[in-house]
Amino acid sequence: MNKALSHLHTINKHKLKVTWLCFRCHLYKQGLLHDLSKYSYIELKTGFHYYQGFRSPIDAEKEEKGYSLGWLHHKGRNKHHWQYWYDSQTYDKTPIIPYKYTIEMLCDNLSAGMVYRGKDFTNDYPLWYWNNVKNKELFHPKLINFFDDIFNEISNKGIKEVLNKRHLKEKYNKYCN
C-alpha cells in the first residue's frame, strides 16, 4: 500500500507542477487536463507495481517486460508526448507539433526533472537531459531548434525568465512557422 500512496503523491506533485508551469504560459486547459490518464486503471496499475521513487515506473516495466502497457496507454492519449505524433508509416514521420502541445511538453519535461531530481534540480538539468538523453532524430528539425534555444535560455536565465506566453510564442513562431 505504501508504494501506491507514494506513486499517487508523485503523480499529484508532478501534475501540480505542470499545471503551475502551464498557467505561467497561459495554457490553462493544458494545465488542468494534463496527464489525467495517469489516474486510469491501467496506468495506476503500472505505477503502483513498478514505483521506485526516483524515476518513472514505466521504465522499470519496460526493463522487465520489454514494453509497458501503461506507457502504450499513456502516449496514445496525451498529445504533449512526441510519441503521440510520430508515425513511421508516413512521409513526414516527425511533424511539427502544435504550439499548445509543444509548450505542454516543455512544462512536462521541466516538471519531471523537478520532481525526480528534487533538491538536485538546477536550471542546467533540462539542457543536460535534452542534450544527453533525448533522441533528437524523433523530433522535427524545427522543434529541435526551438528546444535547443529554450533549454539554453533556461540554463542561462532560469525558468521564471523564459516561461511566459509572449516569449514562448515568439520563439515558437521563429522556429516553427
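Restricting to segment 127-177, and then to whatever is under 23 Å from residue 83 (Cβ atoms) and among the polar types (S, T, N, Q), can you tell me which residue is modelled with the lowest pLDDT?
Among those that are under 23 Å from residue 83 (Cβ atoms) and among the polar types (S, T, N, Q), it is 135.
Could you go through segment 37-59 and let me know if any residue there is open to solvent by less than 40 Å² (accessible area, probe 1.4 Å), of a type in the set (A, V, I, L, M) and within 15 Å of the chain's Cα centre (by Cα).
Within segment 37-59, the subset open to solvent by less than 40 Å² (accessible area, probe 1.4 Å) is 37, 40, 43-44, 46-47, 50, 53, 56-58.
Of the ones still in play, those that are also of a type in the set (A, V, I, L, M) are 44, 58.
From what is left, the residues that are within 15 Å of the chain's Cα centre (by Cα) are 58.
The answer is yes; a qualifying residue exists.
Can you find a residue that is touching a residue at least 24 places away in the same chain (Cβ under 8 Å), touching a helix residue (DSSP H, G or I) at 6+ places or on another chain (Cβ under 7 Å) and within 23 Å of residue 3 (Cβ to Cβ) anywhere in segment 116-138?
Checked segment 116-138: no residue is touching a residue at least 24 places away in the same chain (Cβ under 8 Å), touching a helix residue (DSSP H, G or I) at 6+ places or on another chain (Cβ under 7 Å) and within 23 Å of residue 3 (Cβ to Cβ).
Can you name the residue in segment 5-32 that is surrounded by fewer than 14 Cβ atoms within 10 Å (Cβ to Cβ) and of a type in the set (A, V, I, L, M) and, of all such residues, is farthest from residue 169 (Cα to Cα)?
5
Mind listing just one residue for me: the one in segment 120-144 that is over 19 Å from residue 56 (Cβ atoms) and of a type in the set (Lys, Arg) and, of those, surrounded by the most Cβ atoms within 10 Å (Cβ to Cβ)?
Of the residues in segment 120-144, the ones over 19 Å from residue 56 (Cβ atoms) are 122-124, 127, 131, 136-137, 139-144.
Of the ones still in play, those that are also of a type in the set (Lys, Arg) are 136, 142.
On the way: 136: 14, 142: 17.
That would be 142.
Of the residues 11, 42, which is closer than 19 Å to residue 109 by Cα, hydrophobic (A, V, I, L, M, F, W, C) and out of contact with any Pro (no Cβ under 8 Å at 6 or more places or on another chain)?
Working: 42 fails: closer than 19 Å to residue 109 by Cα.
Matching residue, one of 11, 42: 11.
Which of the residues belonging to segment 145-177 are open to solvent by less than 40 Å² (accessible area, probe 1.4 Å), in a helix (DSSP H, G or I) and without any contact (Cβ under 8 Å) to a residue 60 or more places away in the chain?
Of segment 145-177, the ones open to solvent by less than 40 Å² (accessible area, probe 1.4 Å) are 146-147, 149-151, 153-155, 158-159, 162-163, 167-168, 171-172, 176.
So of that shortlist, the ones also in a helix (DSSP H, G or I) come out as 146-147, 149-151, 153-155, 159, 162, 167-168, 171-172, 176.
Those that are open to solvent by less than 40 Å² (accessible area, probe 1.4 Å), in a helix (DSSP H, G or I) and without any contact (Cβ under 8 Å) to a residue 60 or more places away in the chain: 146, 147, 149, 150, 151, 153, 154, 155, 162, 167, 171.
Looking at segment 153-171 only, could you name the residues that are more than 18 Å from the chain's Cα centre (by Cα) and of a type in the set (S, T, N, Q)?
Listed by number, the list holds a single entry, 156.
For segment 112-144, give me each residue that is among the aliphatic types (A, V, I, L, M), over 14 Å from residue 13 (Cβ atoms) and assigned to a helix (DSSP H, G or I). Break it down stepwise before answering.
So the first thing to find is which residues in segment 112-144 are among the aliphatic types (A, V, I, L, M), and the list is 112, 114-115, 127, 133, 138, 143-144.
Next cut, over 14 Å from residue 13 (Cβ atoms) only: 127, 133, 138, 143-144.
Matches in segment 112-144: 127, 138, 143, 144.
Could we say that residue 79 is free of Cβ contacts under 8 Å to residues at least 40 places away in the same chain, open to solvent by 20 Å² or more (accessible area, probe 1.4 Å), touching a helix residue (DSSP H, G or I) at 6+ places or on another chain (Cβ under 8 Å) and under 21 Å from residue 146 (Cβ atoms) here? Can you show your working first?
Details: free of Cβ contacts under 8 Å to residues at least 40 places away in the same chain: yes; open to solvent by 20 Å² or more (accessible area, probe 1.4 Å): yes; touching a helix residue (DSSP H, G or I) at 6+ places or on another chain (Cβ under 8 Å): yes; under 21 Å from residue 146 (Cβ atoms): yes.
Yes: the conditions hold for residue 79.
Note down all Cβ pairs under 6 Å where the first residue falls in segment 1-30 and is at positive phi, the second is at pLDDT 95 or above and open to solvent by 90 Å² or more (accessible area, probe 1.4 Å), and they're at least six residues apart or on different chains.
26/165
The values are calculated or read from the model by the stated rules, or taken from the named source; none is laboratory data. These figures come from a predicted structure and were not determined experimentally. Positions of Cβ are backbone-derived with ideal geometry, glycine not excepted, and every protein chain shown enters the neighbour counts. Side chains included, ligands, DNA and RNA excluded: accessible areas come from the protein's heavy atoms. Shrake-Rupley method; radii C 1.70, N 1.55, O 1.52, S 1.80 Å.
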